Ligand SMILES: Cc1cc2nc3c(=O)[nH]c(=O)nc-3n(C[C@H](O)[C@H](O)[C@H](O)COP(=O)(O)OP(=O)(O)OC[C@H]3O[C@@H](n4cnc5c(N)ncnc54)[C@H](O)[C@@H]3O)c2cc1C
């Protein structure tokens with residue numbers, strides 16, 4: 001189902017379009033949508049009107065079972081996998097498609113934030129930087145809305161200044177897995193997410209990311225919905241990190257620090 005944009009446009013760097021003269025045909029407008037774009041836009045619109053809007057009251061009262069159900073339905077409709085490769089159960093569509101879905105889903109900001117964190121920061125680190133084993137294990141379930149993703153970078157003392165994070169990762173004595181210690185804050189979807197991309201510094205130095213499942217021993221969610229803390233030394237953890245270890249490549253370490261954390265946002 002992969003698609004390309006209707007009219008190839010020249011790449012205009014950054015916000016230069018605000019300052020430089022541009023011809024109208026260089027600007028992408030809704031008139032450039034393909035039939036496929038329009039169809040998926042319509043699907044997203046109907047989903048928003050028929051499924052999200054009638055449930056706003058429940059979600060406002062933190063009925064997360066409703067949120068989870070809606071994420072599952074969105075997955076089944078293909079609304080959560082535009083940026084996931086077909087090889088891992090996604091639709092592998094273009095950015096226009098993602099923007100179109102996001103625009104239609106934004107009828108209710110609460111769910112739009114949940115969906116955006118799940119499909120964006122909760123999924124893309126794995127799409128871009130995960131190894132084959134990690135992608136095969138998680139992406140099809142993420143695409144289907146069966147598991148929900150979250151992104152855990154911020155801490156009480158490091159927001160914009162993310163590289164100052166205090167969370168630490170240390171290789172276990174037997175060299176088979178990493179132990180994570182630290183606390184994160186403001187983590188969208190933390191109350192009900194299944195898979196967290198958690199940022200920490202290996203030996204307090206090398207900034208990297210780890211895939212942490214909600215049920216790993218030692219992992220806990222704080223009293224507030226968007227906080228969690230972790231004192232984590234699970235054998236289970238080994239499954240996602242063993243591969244990293246074998247390849248000498250924890251998510252992100254090989255590609256440098258900030259690109260993984262901030263390139264996604
Ligand atoms: C709704 C919501 C959802 C969020 N979800 C997530 C999530 O899912 N995962 C996650 O990890 N985090 C999440 N966050 C946290 C978010 O990423 C941080 O709030 C953000 O990084 C800013 O950090 P801070 O709030 O500590 O602000 P600070 O870093 O303290 O910044 C405060 C102000 O100072 C400015 N500032 C900071 N440094 C400089 C500088 N060097 N020069 C000039 N100005 C500067 C900033 O622009 C800002 O205006 C979320 C936040 C919100 C509000």
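At a glance:
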item	result
Scope the stretch 113-122; condition in a helix (DSSP H, G or I) and either away from the ligand (no atom under 13 Å from the Cβ) or crowded, with 20+ Cβ neighbours inside 10 Å (or both); matching residues	114, 115, 117, 118, 119
Residue 125 in a helix (DSSP H, G or I), modelled with pLDDT of 90 or more, crowded, with 19+ Cβ neighbours inside 10 Å and not assigned by TED's automatic domain parsing to the domain that holds residue 69	yes
Residue in the stretch 143-162 that is farthest from the ligand (Cβ to nearest atom), counting only those that are within 18 Å of residue 66 (Cα to Cα) and touching a strand residue (DSSP E or B) at 6+ places or on another chain (Cβ under 8 Å)	147
Residue check, residue 187 outside the structural domain of residue 73 (by TED's automatic domain parsing), buried (at least 19 other Cβ atoms within 10 Å of the Cβ), within 16 Å of the ligand (Cβ to nearest atom) and assigned to a helix (DSSP H, G or I)	no
Filter pass, residue 46 being modelled with pLDDT of 95 or more and either out of contact with any strand residue (DSSP E or B) (no Cβ under 7 Å at 6 or more places or on another chain) or more than 18 Å from residue 107 (Cα to Cα) (or both)	yes
Scan of the stretch 143-184 for residues that are surrounded by fewer than 16 Cβ atoms within 10 Å (Cβ to Cβ), out of contact with any helix residue (DSSP H, G or I) (no Cβ under 9 Å at 6 or more places or on another chain) and in a loop (DSSP other than H, G, I, E, B), ordered by number	156, 159, 160, 161, 166, 173, 174
Some residue of the stretch 73-80 being away from the ligand (no atom under 15 Å from the Cβ), outside any helix (DSSP H, G or I), in contact (Cβ under 8 Å) with a residue 12 or more places away in the chain and farther than 27 Å from residue 32 by Cα	no
Residue ID - nearest to the ligand (Cβ to nearest atom), chosen from residues in the stretch 190-206 that are surrounded by fewer than 23 Cβ atoms within 10 Å (Cβ to Cβ) and over 16 Å from the mean Cα position of the chain (by Cα)	201
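Yes or no, residue by residue, for (1) more than 16 Å from the ligand (Cβ to nearest atom); (2) in the same structural domain as residue 196 (by TED's automatic domain parsing); (3) part of a helix (DSSP H, G or I):
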residue: 52; (1), (2), (3): yes, no, yes
residue: 55; (1), (2), (3): yes, no, yes
residue: 82; (1), (2), (3): yes, no, no
residue: 98; (1), (2), (3): yes, no, yes
residue: 102; (1), (2), (3): no, no, yes
residue: 107; (1), (2), (3): yes, no, no
residue: 111; (1), (2), (3): no, no, yes
residue: 134; (1), (2), (3): yes, no, yes
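The values are calculated or read from the model by the stated rules, or taken from the named source; none is laboratory data. Only a predicted model underlies this, so the values are computations on that prediction, with no experimental measurement involved. Glycine gets a Cβ as well: all are built from the backbone with ideal geometry, and neighbour counts include every protein chain shown.
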